[in-house]
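The structure appears right after this line, and notes come after that.
The values are calculated or read from the model by the stated rules, or taken from the named source; none is laboratory data. Remember, it's a predicted structure, so these values are computed and weren't measured experimentally. The accessibility values were calculated without ligands, DNA or RNA, using every heavy atom of the protein model including side chains. Shrake-Rupley method; radii C 1.70, N 1.55, O 1.52, S 1.80 Å.
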Amino acid sequence: MERRTPQRIAIEESLRKAGRPLSPQELLQLSRARIKSINLATIYRTLKLLTESGNAVSVHIPGEPPRFEAAHIGHHHHFRCDHCGKVYDIAGCMGSLASLVPPGFSVRDHEITLFGLCADCA
Ligand SMILES: [Zn+2]
Ligand SMILES: [Zn+2]
């Protein structure tokens, strides 16, 4: 069990407070505001630890490097801004999409990403 270093605590807090999935670079910027000495290697190492322990999950947008978010949020979806590239959480879900699949298929899960412009960029 790795101890919770001040760096790790700063990274975890940045991730939680962001309230949206962050790229390792975004997480580096936010965490550096708390602890100047944090570097990208520490970010990657900590993200690996956090995902392995179930405290963070990776968010995959096709064609882009993974982003990461705190794992405490339940089922939700994402919005990616075409202009600034930020990814936001979307609360709520239209529910089961089981009616979309052919007869005999069973749906296990779904991920939905909407694309467009965020309020800052629209
Ligand atoms: Zn934007
Ligand atoms: Zn859903």
**Report entry** Stokes-Einstein translational diffusion, the chain - Kirkwood Rh over all Cα pairs, 0.890 mPa s, 25 °C, in µm²/s
**Finding:** 154
Report summary line: To the nearest Å², the heavy-atom accessible area per residue of the chain with 1.4 Å probe amounts to 65
Report summary line: GNM of the chain, Cα pairs under 10 angstrom: of SER31, SER23, SER99, the biggest fluctuation goes to SER99
Report summary line: When the chain is treated as a Gaussian network with springs between alpha carbons less than 10 Å apart, the largest mean-square fluctuation among PRO103, PRO24, PRO62 is found at PRO103
Query raised in the report: So how tilted is helix 6-18 from the main axis of the chain? Cα-based, degrees 0 to 90, rounded to 10.
Result: 30
Query raised in the report: Leaving out ligands, DNA and RNA, what percent of the accessible area of region 72-122 is carbon and sulfur, probe 1.4 Å?
Result: 57
Query raised in the report: Calculated from DSSP H runs of 4 or more alone, at -39500 (n - 2.57) each and per residue, what is the 222 nm mean residue ellipticity of the chain, nearest 500?
Result: -9000 deg cm²/dmol
Report summary line: Residue by residue through region 94-104, the couplings from Karplus 6.51 cos²θ - 1.76 cosθ + 1.60 with θ = phi - 60°, in Hz, x for Gly and Pro, are 6, x, 4, 9, 4, 6, 7, 8, x, x, x
Report task. Round to the nearest 10 and give me the degree value, 0 to 90, for the angle of helix 40-52's Cα axis relative to the longest principal axis of the chain. Result -> 50
Query raised in the report: GNM on the chain, C-alpha springs below 10 Å: top fluctuator among LEU97, LEU15, LEU50?
Result: LEU97
